[in-house]
Amino acid sequence: MIRSWTARLIALAFGLGSLAAGVLAQWGRTNARLDLLGHFAPVWLAVALATALLALAGTRGAWRVSLLALAFLGAAFSASLLAPEFARPIRPAVGGEGAPRLRLIQFNSWDANIDPARTADWIAAQHPDVVTIEEVTPVLRLALEARGLRYTKGMVSAAIFSRAPPAPAPFMVPQPFWRVLPDFARATFNAPGGAGAFSVIAVHLNRPTIAESAGQPGALVRFLTLYPQDRLIMAGDFNRTPWSFDLRRLDDRFALERLDRALPTWPARLWVKGRRLRLPPLLPIDHVYVGRAWRLVALRRGPPMGSDHYPLVVDLALED
């Protein structure tokens, strides 16, 4: 029973907090700062549900009605942020029998990776064709090369590793793009079975809180138009969740299909008072986009390793 005024006020604060966060997040359509609240929509939904449980646990009369009303409104606003991600169409996965197959791993390996050797062992054991990595360190790079993966350098710490050697790039990156693009790596490969060429781009967008990088998403959209879209693959750490209006706008502007759906990849661990704490993933901020020629066969999250991110393992079939 919720008997004390302290407990009632805590429940009231939960309800008001979840409602306020859900309402303010709606203004993320036009305000980048308020859109940050939208990234945590699952948290606000959980707080709203906790409010309802507290109300049902023992309050009566006006208190119960008020708390349940707050919980319902808070849950409704939070759910409205989450619903589009679950409702958006994704072409169903296929078996891919007879079509050329490709395995891709997307992983922000973290520049403070605590176990690069184990990370490299796990990646090599998945037998990937292509690996898109952000925050790659020299130690991890050498470890992956020692396991037979070829290194394609990106701008800063983004990189692409591959079993097969890359083919010549289809074009030179125009000079104006270098000043505005996010950290990225790119490579073009010959498709398995002699089915032509395809290109892969690894991307690491800055956090939306960094004002100086506000032009990165738009520059990335323009950069992608330089490639043939049907066979393009883009994967990376976008630092944006599917329930943010920022990522929804990018989804609409990319001529590509995002294959992941609400699959959290961060955090795997965090620094707290000088200690690394392992945590369950909460935010889906690593994403994989493909052109129309690619069909999803399977997509899964890998295990926690030395990074603060979880990896994604994606099996694709090339169906022209």
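Data for the structure
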read-out	value
For segment 244-320: rounded, prolate or oblate by the Cα gyration tensor [a/c cutoff 1.5]	oblate
Model label zone, Met155; criterion: amide N under 12 Å from point 7 Å along Cα-to-beta-carbon; scope segment 211-236	213-224
Full-extension gain in nm, Gln229 to Asn31, via 0.36 nm per residue minus C-alpha separation	68.2 nm
Calculated [θ] (222 nm, deg cm²/dmol) that DSSP helices of n ≥ 4 give over the chain, each run adding -39,500 (n - 2.57)	-11500 deg cm²/dmol
Formal net charge of residues neighbouring Leu104 (Cβ-Cβ distance under 11 Å; K, R +1; D, E -1)	0
Kyte-Doolittle mean at least -1.0, axial Cα span of 24 Å or more - DSSP H helices of the chain	5-26, 41-58, 61-87
Least to most buried among Glu85, Glu97 (fewest other Cβ within 10 Å first)	Glu97, Glu85
Relative contact order computed over segment 5-87 (Cα-Cα under 8 Å; 6+ residues apart), in percent	37
Relative contact order (%) - criterion: Cα under 8 Å, at least six apart; region: segment 168-220	37
Fewest-first sequence of Tyr151, Tyr289 by Cβ atoms within 10 Å of each Cβ	Tyr151, Tyr289
Ascending count of other beta-carbon atoms within 10 Å, so fewest first, for Glu135, Glu212	Glu212, Glu135
Bins of 10 Å from zero: percent of alpha-carbon pairs in segment 101-318	8, 36, 39, 15, 1, 0
Percentage relative contact order, the chain, counting C-alpha pairs under 8 Å, at least six apart	19
Per-bin percent of Cα-Cα distances, segment 218-267 [10 Å]	20, 58, 21, 1
Magnitude of the charge dipole, the chain, Cβ model with Lys/Arg +1 and Asp/Glu -1, debye to 20	800
Separation in nanometres of the label points that stand 7 Å from Cα toward Cβ, at Thr6 and Ala79	3.4
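The numbers here are math on the coordinates, done by the rules we state, and not lab data. None of the values given here were measured: they were computed from a predicted structure. Using ideal geometry, Cβ is built from the backbone for each residue, glycine included, and neighbour counts are taken over all protein chains shown.
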